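Report on the structure given below.
The values are calculated or read from the model by the stated rules, or taken from the named source; none is laboratory data. From a predicted model like this one, the values you see are computed outputs, not experimental measurements. Every residue, glycine as well, gets a Cβ built from its backbone with ideal geometry; the counts of neighbours run over all protein chains shown.
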Amino acid sequence: MPDLLAARWLFGLSLAFHIVFAAVGVAMPLLMVLAEWRWRRTGAAVYLDLSRRWAKGVAILFAVGAVSGTVISFELGLLWPRFMAFAGPIIGMPFSLEGFAFFAEAIFLGLFLYGRERISPRLHFLSGVLVALSGALSAFFVTLANVWMNHPAGFDLVLGRAEAVDPLVAMFPAGWAEQVVHVLISSYAATAVAVAGIHAWFLRRAPTDPFHRAALGVVLPVAVLASLLQPVSGDFSARRIAGTQPVKLAALEGHFHTGRYAPLRLGGLPDAATAETRWALELPAGLSLLAFHDPGAEVKGLLDFPRDTWPDPLKVHLAFQVMVGLGTALAALSAAVLLLWWRRRALPVDRWLLGALVLAAPAGFLALEAGWLVTEWGRQPFTIWGVMRTADAVTPVSSLTVPLVAFAALYVLLGTTVAVLLWRQILHAAPGARHAGEQP
Amino acid sequence: MTTALALGAVALASLVVYALLGGADYGGGIWDLLASGPRKVAQRDLVERAIGPIWEANHVWLILVVVVLFTGFPAAFGAISTTLFVPITLLLFGIVLRGAAFTFRAYADGDALQARWGLVFSASSVLAPLTLGAVVGALASGRLRVAPDGTPRSDPMAWLTPFSASTGLLAAALFAFLAAAYLAVEADGDLRRDFRARAGAAGAAVFAAALLAAVLSWREAPLVFEGLTARPWSLPLHLATGAAALLAFWALWTDRVRAARFFAAAQAALIVVGWGAAQYPFLVVPDVTLAGAAAPARTQVLLLWALGAGALTLIPSLWLLFRVFKGPLLRASGAGPGQRG
């Protein structure tokens, strides 16, 4: 495998792995605190049990997130030293502030997990709130760095060097709010949908189980709210991309020929060689309408841009379709839940609905991974949009296939162990889980 | 004082704190590996109880070093990452496996997985300090060569020398020493005697490894050797380090465990500061200097402000964390972590 490809695989694999734990680290503390809050308000022991069990899950997932995040911070230099030598002084600010948010998260998580018997209930609850807040703040800062890669700002490019660097301008480039909000909501949606699916699975087996009913009652509002907000946030993001990265939009949509009343393509396979997208269901003027809120708007096609600045339209389009498709499905399911909940004034636990939630459990994370691929593949061949190509950022170190294989094995080992532990130590041990019987 | 020097001082200070706190967590893992005698289980339980609530916070100091390095000294970050690719990758494996295994073990009560991850935890607690110490030694050795554009000019294995091996051993011994001195404060009776004895043994290992590194540096890391012997501050620094070591031994011998903890930490801090001073003004000897690798002035100033603002939130939070888990309360309750019930 060529070293550039191995470097991209290794970094991609590390991020794909870390991103799951990072999202959980943002959203799961919120759920844990909500359960704790319900316990403080109602005094019902089931919520205390819930908070404790979720906290146990947070402990395992946060630890893996912390160490896999460390890998990322070193791999930035190990794999992309030229990118970091260029970008470090420009986007170091959000990274350093993220460091302090991470400090706060680790400190108050320690207090929350181990301090229940040592600190006052109020301080304990406050610690949980601070974990949830600093988790969101971490994601906020880290996403800012990624926004900059899409919309580099805060420096002048002079003969390949960055001059007149202003880190404060670089910290908030065009489109920062759209992307940061989209990433934050995706963390809450993906995590809450997955947690709801797990508890729905247990409720299908034991429909009256108070533990899993309480869990679903806490997590479902978060899942529904985040899933309904995400398409709105996605619309803002897409319109931003239409303005700032038109070639990326063209690739997302498999759109080759510039024109007015551009159609929206559902599915289909873009073929860069023949410059057409086949087998797509085309909604007339749909793309113009979505991207510019005007059916007659002109949307630039890929053919308007130099061939060597195209991302791979096939990969980008497919990832985008997966993200939008799953996101739309989750929003529809959430609308159904909301409608039932509102009409009955009670937590809906119909069998079919629980079944749908179980099926939907992985959808949020799949959409999140697909969305991340859209951003990263859509920025290729650049690592810094229009400024530095990925091929120019890579390390001169060779034989990168060796660490690639080693890290891949490590991630498989860690991922499997986390799954087994969450199953055996938390879910299987839950009071209502006894009906789950002798599952492994 | 220039901003570059101030940022260099922040990076070195963070590394000192990482050694004192994060280093001791690795040391705890080393004592887990070496647990023995009639109180083997009690020793392991104490290690787990002592580092459980704090290791993640302690680990962030390393992230801070990395962030200051790539923001404040981007050229150095690139040079270090390329010339030390192999040991840093090994270090990452140590870091990931230690943290993950510790948590897996702690939350796998009665599970068949528990024993296996316990072994991974202790083995990776040895791997991480060895590679971290080797990285530090290699930076000082003068064997890592970089072209002005950041391209490495030395062999990918140039980091591995008897000198860097000796600094790896020194780091492992030092972390074990710190951990035993800290653990003695949190133990009673026979268990405390166990860790006092372990601290004494590890202190002797620190002395031996330091002596070995000093001798090897004469041939292999001339700049460090000069720093250790011929600078105006060399003698006072050695005297202070030696005095801290002797006082730590005296306090361990006479069961003054709190004093021993203090002097052990002082000794470790002086060793790390001594390394930093010996290789000043180089970040990577002999091609990368603080001034040469520094980021633009505006970035440096803003970074210093960000670090200051961050410290305002960090210091009170850390104070609370250590007061709750390492203050007098700990002895009063004596119970295990609240979540483990």
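Points to keep in mind about this one:
- Among the residues of region A:393-409, those that are in a helix (DSSP H, G or I) and surrounded by fewer than 17 Cβ atoms within 10 Å (Cβ to Cβ) comprise A:Thr401, A:Val402, A:Val405, A:Ala406, A:Ala408, A:Ala409.
- Between A:Gly378, A:Gly415, A:Gly386, the distinction of being part of a loop (DSSP other than H, G, I, E, B) and more than 10 Å from every other protein chain (Cβ to nearest Cβ) belongs to A:Gly386 only.
- Of the candidates A:Phe86, A:Phe112, A:Phe74, the single residue that is aromatic (Phe, Trp, Tyr) and within 7 Å of chain B (Cβ to nearest Cβ) is A:Phe74.
- Residues within region A:389-412 that are at the interface with another protein chain (Cβ under 10 Å from one of its Cβ atoms) and of a type in the set (Asp, Glu), tallied: 0
- Options B:Leu247, B:Leu239, B:Leu290; residue that is away from every other protein chain (no Cβ under 14 Å), in contact (Cβ under 8 Å) with a residue 12 or more places away in the chain, surrounded by fewer than 20 Cβ atoms within 10 Å (Cβ to Cβ) and farther than 30 Å from B:Glu56 by Cβ: B:Leu247
- Check on A:Asp294, assigned to a helix (DSSP H, G or I) and of a type in the set (Asp, Glu): no
- Qualifying residue in region B:248-256 (condition: under 21 Å from the mean Cα position of the chain (by Cα), among the basic types (Lys, Arg) and under 23 Å from B:Leu178 (Cβ atoms)): no
Yes or no, residue by residue, for (1) aromatic (Phe, Trp, Tyr); (2) closer than 30 Å to A:Ser398 by Cβ:
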residue	(1), (2)
A:Phe74	yes, yes
A:Leu78	no, yes
A:Gly92	no, yes
A:Gly99	no, no
A:Val158	no, no
A:Ala174	no, no
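- Unmet criterion (only one of (1) of a type in the set (D, E, K, R); (2) touching a residue at least 60 places away in the same chain (Cβ under 8 Å); (3) touching a strand residue (DSSP E or B) at 6+ places or on another chain (Cβ under 6 Å)) for A:Glu178: (3)
Residues checked against (1) within 13 Å of chain B (Cβ to nearest Cβ); (2) touching a Lys or Arg at 6+ places or on another chain (Cβ under 9 Å); (3) under 20 Å from A:Gly135 (Cβ atoms):
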{"residue": "A:Arg8", "(1), (2), (3)": "no, no, no"}
{"residue": "A:Gly12", "(1), (2), (3)": "no, no, no"}
{"residue": "A:Trp39", "(1), (2), (3)": "no, no, no"}
{"residue": "A:Tyr47", "(1), (2), (3)": "no, yes, no"}
{"residue": "A:Arg53", "(1), (2), (3)": "yes, no, yes"}
{"residue": "A:Ala66", "(1), (2), (3)": "yes, no, yes"}
{"residue": "A:Thr70", "(1), (2), (3)": "yes, no, yes"}
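- Unique match (being closer than 30 Å to B:Ala294 by Cβ, more than 7 Å from chain A (Cβ to nearest Cβ) and without any contact (Cβ under 8 Å) to a residue 60 or more places away in the chain) among B:Leu84, B:Leu127, B:Leu90: B:Leu90
Condition check ((1) crowded, with 18+ Cβ neighbours inside 10 Å; (2) part of a helix (DSSP H, G or I); (3) of a type outside the set (Val, Ile, Thr)) across all residues:
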{"position": "A:Trp352", "(1), (2), (3)": "no, yes, yes"}
{"position": "A:Leu368", "(1), (2), (3)": "yes, yes, yes"}
{"position": "A:Val374", "(1), (2), (3)": "yes, yes, no"}
{"position": "A:Tyr411", "(1), (2), (3)": "yes, yes, yes"}
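- Checking each residue in region B:134-165 for being among the β-branched types (Val, Ile, Thr), within 13 Å of chain A (Cβ to nearest Cβ) and within 22 Å of the chain's Cα centre (by Cα) picks out only B:Val135.
- Criterion violated by B:Met1 - all others in (1) of a type in the set (A, V, I, L, M); (2) modelled with pLDDT of 95 or more; (3) not in a helix (DSSP H, G or I) satisfied: (2)
- Residues that are buried (at least 19 other Cβ atoms within 10 Å of the Cβ), touching a strand residue (DSSP E or B) at 6+ places or on another chain (Cβ under 8 Å) and of a type in the set (A, V, I, L, M) occur at least once in region B:269-283.
- Matching option when the condition is touching a strand residue (DSSP E or B) at 6+ places or on another chain (Cβ under 7 Å) and under 30 Å from B:Leu228 (Cβ atoms), among B:Leu127, B:Leu139, B:Leu90: B:Leu139
- A:Arg118 satisfies every condition listed in (1) at the interface with chain B (Cβ under 7 Å from one of its Cβ atoms); (2) in a helix (DSSP H, G or I); (3) more than 17 Å from A:His18 (Cα to Cα) except (2).
- Scanning region B:293-325 for residues that are out of contact with any Ser or Thr (no Cβ under 9 Å at 6 or more places or on another chain), surrounded by 16 or more Cβ atoms within 10 Å (Cβ to Cβ) and small (Gly, Ala, Ser) yields B:Ala293, B:Ser317.
- Residue that is nearest to A:Gly110 (Cα to Cα), among those in region B:24-57 that are within 14 Å of chain A (Cβ to nearest Cβ) and of a type in the set (A, V, I, L, M, F, W, C): B:Ile54
- Residues in region B:99-115 that are facing another protein chain (nearest Cβ under 8 Å) and more than 21 Å from B:Pro53 (Cα to Cα): 2 in all.
- Counted residues, region B:108-129 - those being crowded, with 24+ Cβ neighbours inside 10 Å and of a type outside the set (Gly, Ala, Ser): 2
Let's see how each residue does on (1) facing chain B (nearest Cβ under 9 Å); (2) within 25 Å of A:Ala63 (Cβ to Cβ); (3) touching a Phe, Trp or Tyr at 6+ places or on another chain (Cβ under 8 Å):
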{"residue": "A:Leu97", "(1), (2), (3)": "yes, yes, yes"}
{"residue": "A:Phe100", "(1), (2), (3)": "yes, yes, no"}
{"residue": "A:Phe103", "(1), (2), (3)": "yes, yes, no"}
{"residue": "A:Phe108", "(1), (2), (3)": "yes, yes, no"}
{"residue": "A:Leu123", "(1), (2), (3)": "yes, yes, no"}
{"residue": "A:Leu133", "(1), (2), (3)": "no, yes, no"}
{"residue": "A:Phe141", "(1), (2), (3)": "no, yes, yes"}
{"residue": "A:Asn150", "(1), (2), (3)": "no, no, yes"}
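- Leading residue by the ranking (surrounded by the fewest Cβ atoms within 10 Å (Cβ to Cβ)) among those in region B:177-204 that are among the acidic types (Asp, Glu) and in a helix (DSSP H, G or I): B:Asp190
- Options B:Leu174, B:Leu160, B:Leu183, B:Leu169; residue that is of a type outside the set (Phe, Trp, Tyr), farther than 22 Å from B:Ala204 by Cβ and touching a helix residue (DSSP H, G or I) at 6+ places or on another chain (Cβ under 9 Å): B:Leu160
- Here A:Gly254 fits the description: within 15 Å of A:Pro313 (Cα to Cα) and under 26 Å from the mean Cα position of the chain (by Cα).
- Just one of (1) closer than 30 Å to B:Ala115 by Cα; (2) surrounded by 24 or more Cβ atoms within 10 Å (Cβ to Cβ); (3) touching a Ser or Thr at 6+ places or on another chain (Cβ under 6 Å) fails for B:Trp61. It is (2).
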